[in-house]
Amino acid sequence: MQPSAAWKTRPAPASARVPARAPTPEELAGFIADARAGLGRAGQKELPPKYFYDEVGSSLFEVITLLPEYGLTRADARLLRRLAPELAARLAGPVAVAELGSGTGKKTRWVLEALRWRQPIDYFPIDISPAALRHCAEQLGKLPGVSVTPVEAAYRAGLEMVAAQRPAGTRLLVLFLGSTIGNFHRGEARAFLGQLRQTLAPGDALLLGTDLVKPAVTLLRAYDDPLGVTAAFNLNLLARMNRELGADFELSRWAHEARWNAEERRVEMHLRSLEEQTATVRLAELALRFRRDETIWTESCYKFTAAEAAAMGGETGFGVAAQWVDAEWPFAETLFLAH
Ligand SMILES: C[S@@+](CC[C@H](N)C(=O)[O-])C[C@H]1O[C@@H](n2cnc3c(N)ncnc32)[C@H](O)[C@@H]1O
């Protein structure tokens with residue numbers, strides 16, 4: 001299926017296939033700057049989680065979503081399947097769907113299938129991972145009545161690109177699933193939703209997936225599985241720096257660690273140095289020294305209450321239209337409408 005005539009005017013890839021590729025000079029410069037800022041500092045070293053998602057990392061993430069301990073993706077999928085008909089009924093008129101951090105978009109098929117019965121649907125998965133976008137376009141591009149245009153960009157830039165070129169009279173449904181909002185610190189999450197709202201027009205919609213607080217033991221199993229897939233996903237960050245930034249991290253001297261921070265209600269992922277050691281990151285001109293048990297903090301996954309999830313939208317210019325909660329693995333899907 002071709003994109004509708006109005007969408008054809010924007011610079012979109014000729015085909016839905018996004019080939020795997022090496023990082024661009026700009027991406028490399030960004031990675032170098034973030035490595036310098038995060039690893040070169042005194043105190044707790046950090047790296048932004050967006051660097052997990054090279055081709056290896058995106059593939060490992062897909063495996064994580066299949067693990068019995070990681071109930072989050074299945075809860076998200078169950079809810080999407082259940083709510084999709086009601087969602088389609090609530091959003092009258094022509095709708096285009098933009099998804100932030102789509103990954104492979106596996107769960108999104110339920111939403112697209114519900115919407116396409118009314119009219120052909122333009123779907124814009126926005127992600128920084130070319131590998132994830134390639135899989136997404138290959139899978140969802142097969143759905144009849146759905147036109148997939150992958151947007152390889154950061155969340156905000158990607159959404160601005162899509163919103164600026166929407167045909168008149170088309171409302172945007174933005175999906176932000178998988179509780180990826182939980183990777184932002186709480187204040188940053190609100191700021192992000194506020195910016196997102198500024199990009200939207202009244203009547204546009206946001207469907208936000210949030211993982212809810214649950215017993216620490218359940219959460220820690222989800223982020224430290226016995227097969228070691230999440231460990232590999234975390235350690236791949238060091239391997240990626242070795243590949244792309246000319247670093248020399250010795251992976252066997254590092255361990256994956258998941259921590260439940262009860263006060264902040266977040267799971268933290270760290271890479272723990274198993275011994276006193278040094279490492280260099282050639283392209284970032286970093287010569288690093290790590291103490292035994294010193295960590296690099298690589299990700300935060302904040303957990304919410306259903307009321308908090310609703311309030312986040314309310315405080316940032318959205319009205320709550322509906323909320324669905326999974327009973328098996330507490331997870332909330334909240335539908336917001338832009339005022
Ligand atoms: C936790 S995964 C979730 C994937 C999918 N939405 C799901 O629910 O399974 C996060 C996704 O967001 C993408 N991502 C991370 N940071 C991003 C950013 N700043 N801009 C755009 N995409 C980003 C990653 O490449 C990855 O595909």
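Every read-out reported here was derived from the displayed coordinates using simple, explicitly stated rules and does not represent laboratory data. Here the structure is a predicted model, which means the values were calculated and not measured. Every residue, glycine as well, gets a Cβ built from its backbone with ideal geometry; the counts of neighbours run over all protein chains shown.
Each residue of region 229-339 gets 159 Å³ once the volume of the Cα convex hull is shared out per residue. Computed from the alpha carbon atoms alone, the convex hull of region 82-165 holds 84 Å³ per residue. Placing +1 on the Cβ of every Lys and Arg and -1 on the Cβ of every Asp and Glu, with nothing else charged, gives region 86-162 a dipole about its Cα centre of roughly 220 debye.
When both bridge partners sit in the chain, DSSP labels roughly 60% of those beta bridges antiparallel.
The length gained by stretching the chain between R291 and N261 to full extension, at 0.36 nm per residue less their Cα-Cα distance, is 8.6 nm. Can you give the percent of C-alpha pairs in region 24-78 whose distance is more than 13 Å? In whole percent, the long-distance tail amounts to 70.
Run through every distinct alpha carbon pair of region 153-206 and return the Kirkwood hydrodynamic radius in angstroms, one decimal place.
Its Kirkwood hydrodynamic radius stands at 12.0 Å.
Dividing the radius of gyration of the alpha carbons in region 109-235 by their Kirkwood radius gives 1.00 for Rg/Rh.
Note down the magnitude of the dipole of region 22-172 about its Cα centre, charges +1 on Lys and Arg C-beta and -1 on Asp and Glu C-beta and zero elsewhere, to the nearest 20 debye.
Taking the Cα centre of region 22-172 as origin, the dipole is about 640 debye.
Would you be so kind as to identify which of A92, I126, T316 lies farthest towards the positive end of the dipole of the chain, taking Lys and Arg as +1 and Asp and Glu as -1 on Cβ and the Cα centre as origin? After comparing all options, I get A92. When you restrict to C-alpha pairs under 8 Å that are six or more residues apart and normalise by the size of the chain, the relative contact order lands at 21 percent.
Ignoring lysines fewer than eight residues from K107 along the same chain, the ones with Cα atoms less than 19 angstrom from its Cα are K142. Taking amide hydrogens as placed 1.01 Å from N in the peptide plane, the amide H of E294 sits under 5 Å from those of S273, each at least 5 positions away in sequence or on another chain.
Reported to the nearest whole Å, the Cα centre-to-centre distance from region 173-191 to region 301-331 is 11. With the largest listed first and rounded to whole Å, the semi-axes of the equivalent ellipsoid of the chain from the Cα gyration tensor are 34, 23, 18.
According to the Kirkwood relation over distinct C-alpha pairs, the hydrodynamic radius of region 192-252 is 15.6 Å.
Over what distance in Å are the Cα centres of region 76-110 and region 246-280 separated? So the separation of the two Cα centres works out to 35 Å. Compared with the alpha-carbon gap, the fully stretched path from T170 to A322 is longer by 52.6 nm at 0.36 nm per residue.
In summary, the aspartates and glutamates within cross-link reach of K214, defined as a Cα separation below 12 angstrom excluding same-chain residues under 8 places away, comprise E328. Computed from backbone phi with θ = phi - 60° and the Karplus coefficients 6.51, -1.76 and 1.60, the 3J(HN,Hα) list for region 73-88 is 5, 5, 5, 4, 5, 4, 5, 4, 5, 6, 8, 3, x, 5, 4, 4 Hz; x is used for glycine and proline. Here region 254-302 was treated as a single set of alpha-carbon atoms; its pair distances binned every 10 Å from 0 give 25, 40, 27, 7 percent. Normalised by the number of residues in region 148-219, the average gap of Cα pairs under 8 Å and 6 or more apart makes the relative contact order 41 percent. Over the C-alpha atoms of region 158-298, the Rg to Rh ratio, Rh being the Kirkwood estimate, stands at 1.08.
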